[in-house]
1. Please go through region 261-312 and give me each residue that is farther than 29 Å from residue 140 by Cα, of a type outside the set (Gly, Ala, Ser) and away from the ligand (no atom under 16 Å from the Cβ), ordered by number.
2. (1) surrounded by fewer than 16 Cβ atoms within 10 Å (Cβ to Cβ); (2) within 16 Å of the ligand (Cβ to nearest atom): which one isn't true of residue 242, the others all being true?
3. Looking only at region 258-287, which residues are in a loop (DSSP other than H, G, I, E, B), touching a residue at least 40 places away in the same chain (Cβ under 8 Å) and among the charged types (D, E, K, R)?
4. Go over the candidates 223, 269 one by one and state the one that is surrounded by fewer than 21 Cβ atoms within 10 Å (Cβ to Cβ) and of a type outside the set (Lys, Arg).
5. For region 215-225, which positions are more than 9 Å from the ligand (Cβ to nearest atom) and either of a type in the set (D, E, K, R) or at pLDDT below 95 (or both)?
6. With region 288-406 as the region, which strands (runs of 3 or more DSSP E) entirely inside it contain at least 1 residues that are closer than 30 Å to residue 272 by Cβ?
7. Can you give me the ranges of the strands (runs of 3 or more DSSP E) entirely in region 1-112 with at least 2 residues that are surrounded by 23 or more Cβ atoms within 10 Å (Cβ to Cβ) and touching a Pro at 6+ places or on another chain (Cβ under 7 Å)?
Amino acid sequence: MKAERPPERPPGFTYRSDKRIVRASQFTMHADDVSLAMLAERYGTPLYVYSASAIRERYQEFERAFQGCEHTVCYSVKANSNLSILRLLSRMGAGFDIVSGGELHRIAEISRKSAAKTVFSGVGKLAGEIDLALSTGILMFNVESASELDLLAARAAHLRKRARFAVRANPDVTAETHPYISTGLHEHKFGVPWRDAGELYRLGDSFPYLKAAGVSVHIGSQITEVGPFRESMERVASLVRSLRADHHDIRYVDAGGGLGIVYEPNAAIGFAKLARQYAQALLGPLKSLGVHLLLEPGRAIVGPAGVLVTRVIYRKRNEGKQFVVVDAAMTDLLRPSLYDAYHEIVPVVLGADSSAAEKVDVVGPVCETGDFFAHGRQLRVVGEGDLLAILDTGAYGMVLASNYNSRMRPAEVLVDGARSRLVRKRESLRDLLAPERI
Ligand code: PLP
């Protein structure tokens, strides 16, 4: 069977003729202007490669979509927390959404100023993390329970630091996504029930060091229909009105993150258009409230800006089934194992003679049947030693990597135009054993 031409992800990842390869008919996947084959040779595999131009473009799409309204894009650090990516976004003016003291530490590392544009979400904030955030001077705490509000009040009074807070209210909105990343229903652990929110604002404003400043929601992740966002903003707008009537000075609405990306081959809609629809869905209900809108996108900014480059170790056939065993595993990219997530897999080098396709399972070396990247996938025929690129792995890729099976986590490279930089070195055997004692 003949293969279709594999997909690309412009502007970050495109096939170009490779000057180092003499055969003119050969094309190599590039990150910006740098060949992935060259990067694999230099840094080894498995290797995460990110495109700075793709990150910039996505961030700017958000900025353009919301340009008519006072807003801050608070990039969600959990999606990809590499310091160089955080610095790139901070230099473009981004704020940040964090969920731990560790993530706040990363923000402090890249820019003191960014803390003032940082919101702190999460259901289990520890006293030490709250103290760190109070002394760093973050923009706002998104509080998720009455107990957390009490602790925040106590720590703020102890440190004599004023804290702005929003209550993360649960809008009970259904969003079409994987159940593990749906968060906006009353049965989920996140936020507080809508009807309890008013009471928490009254309680919060009664503490001397706390100030009610916003309303926050987050309905889930990888949502590609904008209807649920509009529905939840309609609820938020009415809550803002009733809180203001109750004399709370609500200035911020934090809409959370969750805008999805298209992982499958044929994108029905371009991102710029989706971002505009998303902006309309959020801004419509908020019109006339004069709030400062906070957005917490993660995946939509970095997802398509990264690929995982891996090398084929073996081909093997079990009965009728063809396996392609690669050197990346679920320890490097967990999404397929965790969510049965789909990622396009393409050959790094496209030769003139490589147009035949076959149905294969692409699997890693870890001792788990769940260690796979694709089942029964139609792929161009690849041989042992060939390179593959797993697309759209810039978000929830490296951040979920682990040392299971005593594997070392991969290296990360950031490409910007013709420049490439190692932004995290590959773990060594020494790194692997360093925290342990006998
Ligand atoms: N904000 C909050 C509170 C989240 O829990 C998440 C993800 O789970 C995000 C933002 C980022 O979501 P996404 O990467 O889908 O934009």
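1. Within region 261-312, 264, 265, 266, 269, 273, 307, 308, 309, 310, 311, 312 qualify.
2. (2)
3. Step one: filter region 258-287 for residues in a loop (DSSP other than H, G, I, E, B), giving 258, 260-270, 287.
Going one step further and asking which of them are touching a residue at least 40 places away in the same chain (Cβ under 8 Å), we end up with 258, 260-261, 263-265.
264, the sole residue that qualifies.
4. On the way: 223 fails: surrounded by fewer than 21 Cβ atoms within 10 Å (Cβ to Cβ).
Checking each option against the conditions leaves just 269.
5. Of everything in region 215-225, those that are more than 9 Å from the ligand (Cβ to nearest atom) and either of a type in the set (D, E, K, R) or at pLDDT below 95 (or both) turn out to be 219, 224, 225.
6. Because the criterion is at least 1 residues that are closer than 30 Å to residue 272 by Cβ, the strands (runs of 3 or more DSSP E) in region 288-406 that meet it are 292-295, 306-318, 345-347, 372-380, 387-390.
7. Details: elements: 13-17, 27-31, 47-51, 71-76, 95-98.
It comes to 47-51, 71-76.
Table: residues versus (1) within 16 Å of the ligand (Cβ to nearest atom); (2) touching a residue at least 40 places away in the same chain (Cβ under 8 Å); (3) open to solvent by 30 Å² or more (accessible area, probe 1.4 Å).
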position: 355; (1), (2), (3): no, yes, yes
position: 360; (1), (2), (3): no, no, no
position: 366; (1), (2), (3): no, yes, no
position: 393; (1), (2), (3): yes, yes, no
position: 399; (1), (2), (3): yes, yes, yes
position: 428; (1), (2), (3): no, no, yes
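The values are calculated or read from the model by the stated rules, or taken from the named source; none is laboratory data. If you're wondering where the values come from, they're calculated on a predicted model, not measured in any experiment. In this analysis, Cβ positions are derived from the backbone assuming ideal geometry, glycine residues included, and neighbour counts consider all displayed protein chains. Accessible surface areas use protein heavy atoms only, side chains included; no ligands, DNA or RNA. Shrake-Rupley method; radii C 1.70, N 1.55, O 1.52, S 1.80 Å.
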